[in-house]
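Reading through the structure tokens given below for one structure.
The values are calculated or read from the model by the stated rules, or taken from the named source; none is laboratory data. Because the structure is a prediction, the values reported are computed rather than measured. Cβ placement follows ideal geometry from the backbone for every residue including glycine, while neighbour counts extend to all protein chains displayed.
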Amino acid sequence: MKKTILLSTFLVCASFFSHAQKKTQDVLNSLEEQSEKYAAIAQEIWTLAEMGYQEEQSAALLQGTLEEAGFRIEKGVAGIPTAFIAEYGSGSPVIAIMGEYDALPGLSQEAVAEKKSAGKAAGHACGHHLFGTASTAAAIATKNWLDSNGSQGTIRFYGTPAEEGGSGKVYMVRAGLFNDVDVALHWHPGAQNAASAGAALANKSAKFRFNGISAHAAGSPEKGRSALDGVEAMNMMVNMMREHIPQEARIHYVITDGGKAPNVVPDFAEVYYYARHNNRNVVIDIFDRIVKAAEGAALGTGTSMTYEMIGGTHELLPNLTLQKLTHDNLSAVGGITYTTEEKAFADKIAKTLGYDQADLATAKNVQPYKTEARAYGSTDVGDVSFTVPTVGFGTATWVPGTPAHSWQAVAAGGTNIGKKGMMVAAKTLALTAIDLFKDSKLVAAAKAEFLKNRGADFEYIPLLGDREPALNYRN
């Protein structure tokens, strides 16, 4: 009798597992079947190439796609016209998937294996056209899974503009829009498939504006006070300061306005600065010293100076509970295989990067799992990660070896190579979200780790202060 009961229990469990496994496979099959649809959406956003806070058409396209799938749309959140939230379902858990869609200035490029401008003001050199589209696809696939299983919970898509220096997510965090989220998911285009623990540098950025007195540079130079002198004096002092900051810190700047004619003493000049480090407190200290250098430069050149905070982001807080889950799902999905035509394109790109040929194995395989990572860039996902348990990963949407923010990244992102990697991301996001909906213990474990790592005394203070969104920072 006991054997009969045990056998019956086993058969019921096996049947349930097989049924659940089939429904998950149905999600992956559905995404694969719709890959051309999502490729077309990504291509349209790639062609639009709208910069931060200017992504009106890109945001509208993603909103329309989600609304058509049954999501409720809230537009213009956190005082940002191109930020939005799309939601489906009700109750807990609330699983968020983030999507970006802003392009970078000055990186116009055709989808060809040679440097060739497309004649536009910007290009998707960080692959955010793929980012936003894959996240949209994953949110819809997860919604369909919730429907087919009759499961309770809320899937929420966050349309997050202006990641490139505009800190769009910071304003959304500051507005409390993530406060009821249980877990937040994101991904990023890249040159390999990896879901190890991530890292990012905290960052503060500002535009320093000097005002002087214009005069004829030859006829009456004594009457002028050069705003450009103020900028150059500031830059000189900051460059000397580099010797006396932590080795891991980074400071970058560009002169965005240095005058219009050599024979006119410039009465206005502007320089745009970033300061970075893997600890936000160090960034705050470095930035304050940069401000002092600007004040000293103005004093010494007889000019005046004001500055406008543009962005400010926290470093990234990893969550290994979520990271291992995501790695396992990425490994189950796997990387991409190039066609003969794609390989020929990839080999040409590889040669421009100093390689003999494209690394097919890196595109196809998933990198080994690691629990630590070194930070180089910054992301406003950092602020989300200090608000809610957050996890991310990357897929090979570019030819292996391609650096972000390069013309080669723009080119590959406009081809089928980028779109294949995008669908790997969509499938991985969907599988991870479904796992979280299925297992409340995973969510609880991620939250416990999050609270422990963040610290009991943590208080969220946005690095960009109380300023309004810098909607014109790309103008």
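Here is a list: Gly132, Gly166, Gly119. Which entry is surrounded by 24 or more Cβ atoms within 10 Å (Cβ to Cβ) and not in a helix (DSSP H, G or I)?
None of the others qualify; the one that does is Gly166.
Hey, can you tell me all the residues within the range 99-115 that are in a strand (DSSP E or B) and in contact with an Asp or Glu (Cβ under 8 Å, 6 or more places away or on another chain)?
Matches in the range 99-115: Ala103, Leu104.
Looking for whichever is among the acidic types (Asp, Glu), out of contact with any Ser or Thr (no Cβ under 6 Å at 6 or more places or on another chain), assigned by TED's automatic domain parsing to the domain that holds His186 and farther than 30 Å from Lys438 by Cα here; the options are Glu44, Glu55. Which one fits?
The unique qualifying residue is Glu44.
Any chance the range 263-277 includes a residue that's out of contact with any helix residue (DSSP H, G or I) (no Cβ under 9 Å at 6 or more places or on another chain) and more than 30 Å from Ala184 (Cβ to Cβ)?
yes
Filter the range 335-355 down to the residues that are of a type in the set (Gly, Ala, Ser) and in a helix (DSSP H, G or I) and list them by number.
Scanning the range 335-355 gives Ala344, Ala346, Ala350.
Residue by residue through the range 332-356, note down the ones that are under 30 Å from Glu372 (Cα atoms) and without any contact (Cβ under 8 Å) to a residue 60 or more places away in the chain.
Of everything in the range 332-356, those that are under 30 Å from Glu372 (Cα atoms) and without any contact (Cβ under 8 Å) to a residue 60 or more places away in the chain turn out to be Thr337, Ala350, Leu353, Gly354, Tyr355.
Taking the conditions exactly as written (among the aliphatic types (A, V, I, L, M), within 30 Å of Asp435 (Cα to Cα) and crowded, with 24+ Cβ neighbours inside 10 Å), does Leu316 satisfy them or not?
Yes: the conditions hold for Leu316.
Mind listing just one residue for me: the one in the range 149-162 that is outside any strand (DSSP E or B) and in contact with a helix residue (DSSP H, G or I) (Cβ under 6 Å, 6 or more places away or on another chain) and, of those, surrounded by the fewest Cβ atoms within 10 Å (Cβ to Cβ)?
Ser151
Out of the residues in the range 432-475 that are small (Gly, Ala, Ser) and loosely packed, with under 11 Cβ neighbours inside 10 Å, which is nearest to Gly312 (Cα to Cα)?
Gly465
With respect to Leu325, determine if the residue is crowded, with 18+ Cβ neighbours inside 10 Å, part of a loop (DSSP other than H, G, I, E, B) and among the aliphatic types (A, V, I, L, M).
No, not satisfied.
Please state which of the following conditions Ala184 fails to meet, knowing it meets all the rest: (1) more than 30 Å from Ala411 (Cα to Cα); (2) out of contact with any His (no Cβ under 7 Å at 6 or more places or on another chain); (3) among the hydrophobic types (A, V, I, L, M, F, W, C).
Only one criterion is unmet by Ala184, namely (1).
Can you name every one of the strands (runs of 3 or more DSSP E) wholly within the range 182-281 that holds 1 or more residues which are surrounded by 22 or more Cβ atoms within 10 Å (Cβ to Cβ) and in contact (Cβ under 8 Å) with a residue 12 or more places away in the chain?
Because the criterion is at least 1 residues that are surrounded by 22 or more Cβ atoms within 10 Å (Cβ to Cβ) and in contact (Cβ under 8 Å) with a residue 12 or more places away in the chain, the strands (runs of 3 or more DSSP E) in the range 182-281 that meet it are 183-185, 188-190, 202-211, 268-277.
When both residues are 6+ apart or on different chains and their Cβ atoms are under 6 Å apart, which pairs have a first residue that lies in the range 443-460 and is under 23 Å from Pro93 (Cα atoms), and a second that is part of a helix (DSSP H, G or I) and modelled with pLDDT of 95 or more?
Val443/Leu436; Ala445/Thr321; Ala446/Thr321; Ala446/Leu322; Glu449/Thr321
Going by the structure shown, is Ile284 within 28 Å of the chain's Cα centre (by Cα), surrounded by fewer than 18 Cβ atoms within 10 Å (Cβ to Cβ), within 28 Å of Gly168 (Cα to Cα) and hydrophobic (A, V, I, L, M, F, W, C)?
Yes; evaluated as a whole, the condition is true for this residue.
Could you check, for the range 394-406, whether at least one of its residues is in a helix (DSSP H, G or I), modelled with pLDDT of 95 or more, under 17 Å from the mean Cα position of the chain (by Cα) and in the same structural domain as Lys115 (by TED's automatic domain parsing)?
No, the range 394-406 has no match at all.
When the range 335-352 is examined, which residues are found to be closer than 15 Å to Gly190 by Cα and either touching a strand residue (DSSP E or B) at 6+ places or on another chain (Cβ under 7 Å) or not small (Gly, Ala, Ser) (or both)?
Those that are closer than 15 Å to Gly190 by Cα and either touching a strand residue (DSSP E or B) at 6+ places or on another chain (Cβ under 7 Å) or not small (Gly, Ala, Ser) (or both): Gly335, Ile336, Ile349.
Which of the following residues is under 29 Å from Ala446 (Cβ atoms), assigned to a helix (DSSP H, G or I) and of a type in the set (Gly, Ala, Ser): Ala60, Ala78, Ala86, Ala96?
Ala78
For the range 298-309, which residues satisfy the criterion of being outside any helix (DSSP H, G or I) and out of contact with any Leu (no Cβ under 8 Å at 6 or more places or on another chain)?
Passing the criteria: Gly302, Thr303, Ser304, Met305, Thr306, Tyr307, Glu308.
Has the range 377-392 got at least one residue that is surrounded by fewer than 17 Cβ atoms within 10 Å (Cβ to Cβ), under 17 Å from the mean Cα position of the chain (by Cα) and at pLDDT below 95?
yes
For the range 356-372, what are the residues that are surrounded by fewer than 11 Cβ atoms within 10 Å (Cβ to Cβ) and either in a loop (DSSP other than H, G, I, E, B) or under 22 Å from the mean Cα position of the chain (by Cα) (or both)?
Once the filter is applied, which keeps residues that are surrounded by fewer than 11 Cβ atoms within 10 Å (Cβ to Cβ) and either in a loop (DSSP other than H, G, I, E, B) or under 22 Å from the mean Cα position of the chain (by Cα) (or both), the range 356-372 yields Asp356, Pro368, Thr371, Glu372.
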